[in-house]
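The values are calculated or read from the model by the stated rules, or taken from the named source; none is laboratory data. Values in this document were obtained by computation on a predicted structure and should not be read as measured data. Cβ placement follows ideal geometry from the backbone for every residue including glycine, while neighbour counts extend to all protein chains displayed.
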Amino acid sequence: MHPALHSWREELPAYFVRALAYVGGLAALSIAAAEFFQSPPLTDDIKPVHRSAWIEIERPFPAFALAIPEAAGQPSTYAIRRHAEGNGRKDILGLGDPDAPTPYLQVEIYRPGSETVNANGPDKIIADSAAALGPVIRSVDEPLVSKFGALNIVRFDTSIGTPRHCLGFVRTYDDPTLRISGWFCQDGDFVPRSTLACALDRLTLLAAGSEPKVGALFAQAELNRSFCGQREPLLAPTPKHRALWKATEAR
């Protein structure tokens, strides 16, 4: 055999060994570099973004009205919120300054959808809905007679914002499934119970939409209307109640 060929065959295994050593060295260097330059692991827990169960409707079309002539000139608000999953609806009417010593009335008409509605007592309902005020519940009073029937009354004080005394109210219906709730707040003494009943006497329905039972409920409420203590509508369809809005009298 030719000497050159014999030398090449003997040295061939050595070439393979050196090549494998080079490749292995490069792989080890690549792994070490990746470990050195990679980003440090995240140590903080990822906090989920809280999403409200209720969605604010941008251009609400009012279905209810709260016409109180004694509060002429006071700011008023109307909001509609839809449940993100159950499609329940809340119409929220506000009258007055929500953070001032002057009277403020808020009424919420809640028509549940398929979402779960907890069967809470009136104090828990008021505490949850008025959470922004930091309500301090003082007592649950005897029911108040109104055109919507007997209202559960909850007295509470605010601990956030302007200190005020408030009367919370809750009325729940089974057929149709509907809840009327809210609160009437002011500085000084509590709002008289009769004043609250008079204010809710002015709550009326504008459009029932596809819910005829809601229309029937408000139609029956109008038959029970006391006209703020004066039951004869022909004499004074909307009589003024002197104690209803003290801000107007002071102005």
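Details
- Residue match in region 141-157 (condition: in the same structural domain as residue 101 (by TED's automatic domain parsing), hydrophobic (A, V, I, L, M, F, W, C) and not in a strand (DSSP E or B)): yes
- Within region 142-165, the residues that satisfy the criterion of being surrounded by 17 or more Cβ atoms within 10 Å (Cβ to Cβ), touching a residue at least 40 places away in the same chain (Cβ under 8 Å) and not basic (Lys, Arg) are 144, 146, 148, 151, 153.
- Within region 93-132, the set of residues being over 24 Å from residue 192 (Cβ atoms) and either free of Cβ contacts under 8 Å to residues at least 60 places away in the same chain or of a type in the set (Val, Ile, Thr) (or both) comprises 113, 114, 116, 117, 118, 119, 120, 124, 128, 131, 132.
- The strands (runs of 3 or more DSSP E) found wholly in region 1-101 and carrying at least 2 residues that are under 24 Å from residue 204 (Cα atoms) and either among the β-branched types (Val, Ile, Thr) or at pLDDT below 60 (or both) occupy 76-83.
- Contact annotation: residue pairs with Cβ atoms under 6 Å, 6 or more positions apart or on different chains, pairing a residue in region 64-87 that is touching a residue at least 24 places away in the same chain (Cβ under 8 Å) with a partner that is surrounded by fewer than 13 Cβ atoms within 10 Å (Cβ to Cβ) and polar (S, T, N, Q), are 86/114.
- Look at (1) under 13 Å from residue 105 (Cα atoms); (2) surrounded by 16 or more Cβ atoms within 10 Å (Cβ to Cβ) and you find that residue 214 fails only one, number (1).
- Residue match in region 224-234 (condition: over 26 Å from the mean Cα position of the chain (by Cα), at pLDDT below 95 and of a type in the set (A, V, I, L, M)): yes
- Residue count, region 159-195 (criterion: in contact with an Asp or Glu (Cβ under 9 Å, 6 or more places away or on another chain) and polar (S, T, N, Q)): 2
- Near pairs, Cβ below 7 angstrom, 6+ apart or cross-chain, from region 167-187 (modelled with pLDDT under 95) to any residue that is acidic (Asp, Glu): 176/211
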